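*Asks:* To start, I am sharing the structure in question, which I have written as structure tokens.
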Amino acid sequence: MTMTDRNRTTTDKTMTPDEVVARLRSGMTVGIGGWGSRRKPMALVRALLRSDVTDLTVVSYGGPDVGLLAAAGKIRKLVAAFVTLDSIPLEPNFRAARQQGTVEMEEVDEAMFMWGLHAAANRLPFLPVRAGIGSDVMRVNPRLRTVTSPYEDGETFVAMPALRLDAALVHVNRADRHGNGQYLGPDPYFDDLFCEAADAAYVSCERLVDGFGSDVVPQSLLIKRYAVTGVVETPNGAHFTSCVPDHDRDEAFQKLYATTPWPEFAARFLPPGGDEKQYQSAVQAWHEEQK
């Protein structure tokens, strides 16, 4: 995907999840927004699971997006500060992949990750940061280097490399057809930086709107259309992660995911030839069984 594609002049950028994934290629570096098990673009991740795209470098404040892709063998390398389900501290499929050595891991801390996105968004090769100095991240991540300030202070900083992305996938509460995205929850989760750090950014949303009125809080308009290639309306598309105030995390289903062997979970909820409608129906049927 080129910058020309990203900034194409069409005013209607609506797409389907499968159309988004059709633009992705094996070997790409893909950033996934959200945080842990909060506001993840899970409908887009599920579409990616159904594709033949593989050998990905995934950049994420990781949650079940990483776990699902790792379990399906889609990830070659992961760049992350953590991978968690929040209410379940360690993502089980990620843990299995690490223990089995099937995923290469590049660890950075949370602040370094943010500044790596900032560097990429500004098309800089790196940014000097204090985060990481004096910690073991310099030992466990041999790619990191330090730089010395050229000014009188002479201070040493970590040179956090830019986290350049071929594509970004994020999820918000509302979006319009032009690519403007609004979050209504408590935190932006750096989704705007993911979009700006990428050559192509795809935004899924709980609901597509015709526009944003004068009563909208400007700070909630997180994502700008100039940074967006495609928009996908996916009601409940963050499931089973939270997307407040539209819906909370589906804790019961998340527990099922965390305690069910991957082949069994995938066979019921993510079968070959399935789609997002099938997934949502299967989840609803499971909840009915629990009553």
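The values are calculated or read from the model by the stated rules, or taken from the named source; none is laboratory data. A quick note: this is a predicted structure, and the numbers were derived from the prediction, not measured. Heads up, the Cβs are rebuilt from the backbone with ideal geometry, glycines too, and the neighbour counts pull from every protein chain shown.
*Asks:* Considering every residue within segment 143-162, establish whether at least one is in contact (Cβ under 8 Å) with a residue 40 or more places away in the chain and under 16 Å from the mean Cα position of the chain (by Cα).
*Replies:* Within segment 143-162, none of the residues are in contact (Cβ under 8 Å) with a residue 40 or more places away in the chain and under 16 Å from the mean Cα position of the chain (by Cα).
*Asks:* Take the residues in segment 249-266 that are in a loop (DSSP other than H, G, I, E, B) and within 21 Å of the chain's Cα centre (by Cα); name whichever of them is surrounded by the most Cβ atoms within 10 Å (Cβ to Cβ).
*Replies:* Here the residue is Arg249.
*Asks:* Take the residues in segment 30-56 that are buried (at least 19 other Cβ atoms within 10 Å of the Cβ) and of a type in the set (Val, Ile, Thr); name whichever of them is nearest to Pro89 (Cα to Cα).
*Replies:* Selected residue: Ile32.
*Asks:* Now for a different question. Just a yes or no: is a residue in segment 65-83 crowded, with 23+ Cβ neighbours inside 10 Å and within 10 Å of the chain's Cα centre (by Cα)?
*Replies:* Yes, because at least one residue in segment 65-83 is crowded, with 23+ Cβ neighbours inside 10 Å and within 10 Å of the chain's Cα centre (by Cα).
*Asks:* Something else: Which ones in segment 102-136 are modelled with pLDDT of 95 or more, more than 22 Å from the chain's Cα centre (by Cα) and among the β-branched types (Val, Ile, Thr)?
*Replies:* Passing the criteria: only Val129.
*Asks:* Mind checking whether some residue in segment 142-163 is at pLDDT 95 or above, assigned by TED's automatic domain parsing to the domain that holds Val217 and among the basic types (Lys, Arg)?
*Replies:* Looking through segment 142-163, none of the residues is at pLDDT 95 or above, assigned by TED's automatic domain parsing to the domain that holds Val217 and among the basic types (Lys, Arg).
*Asks:* Oh, and also: Being under 11 Å from the mean Cα position of the chain (by Cα) and among the small types (Gly, Ala, Ser) is the filter here; which residues of segment 38-60 pass it?
*Replies:* Residue satisfying the conditions is Ser60 alone.
*Asks:* Within segment 254-274, is there a residue that is small (Gly, Ala, Ser) and on the phi > 0 side of the Ramachandran plot?
*Replies:* Within segment 254-274, one or more residues are small (Gly, Ala, Ser) and on the phi > 0 side of the Ramachandran plot.
*Asks:* Being surrounded by fewer than 24 Cβ atoms within 10 Å (Cβ to Cβ) and of a type in the set (Asp, Glu) is the filter; apply it to segment 175-198 and report the residue that is farthest from the chain's Cα centre (by Cα).
*Replies:* Top of the filtered list is Asp176.
*Asks:* Among the residues of segment 85-141, what is the count of those that are assigned to a loop (DSSP other than H, G, I, E, B) and of a type in the set (S, T, N, Q)?
*Replies:* Counting residues in segment 85-141 that are assigned to a loop (DSSP other than H, G, I, E, B) and of a type in the set (S, T, N, Q) gives 5.
*Asks:* Looking at (1) in contact (Cβ under 8 Å) with a residue 40 or more places away in the chain; (2) assigned by TED's automatic domain parsing to the domain that holds Arg38, find the lone condition where Ala111 falls short.
*Replies:* Ala111 satisfies all of (1) in contact (Cβ under 8 Å) with a residue 40 or more places away in the chain; (2) assigned by TED's automatic domain parsing to the domain that holds Arg38 except (1).
Residue by residue, here is whether (1) touching a Phe, Trp or Tyr at 6+ places or on another chain (Cβ under 9 Å); (2) crowded, with 21+ Cβ neighbours inside 10 Å; (3) within 30 Å of Cys243 (Cα to Cα) holds:
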residue: Glu110; (1), (2), (3): yes, no, yes
residue: Leu124; (1), (2), (3): no, no, no
residue: Val137; (1), (2), (3): no, no, no
residue: Thr146; (1), (2), (3): yes, no, no
residue: Ser149; (1), (2), (3): yes, no, no
residue: Glu152; (1), (2), (3): no, no, no
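*Asks:* Quick one: in segment 199-236, which of the residues that are closer than 26 Å to Val21 by Cβ and acidic (Asp, Glu) is surrounded by the most Cβ atoms within 10 Å (Cβ to Cβ)?
*Replies:* Only one residue tops the list, namely Glu206.
*Asks:* Can we say Met105 is surrounded by fewer than 21 Cβ atoms within 10 Å (Cβ to Cβ), in the same structural domain as Lys13 (by TED's automatic domain parsing) and under 29 Å from Leu44 (Cβ atoms)?
*Replies:* Yes: the conditions hold for Met105.
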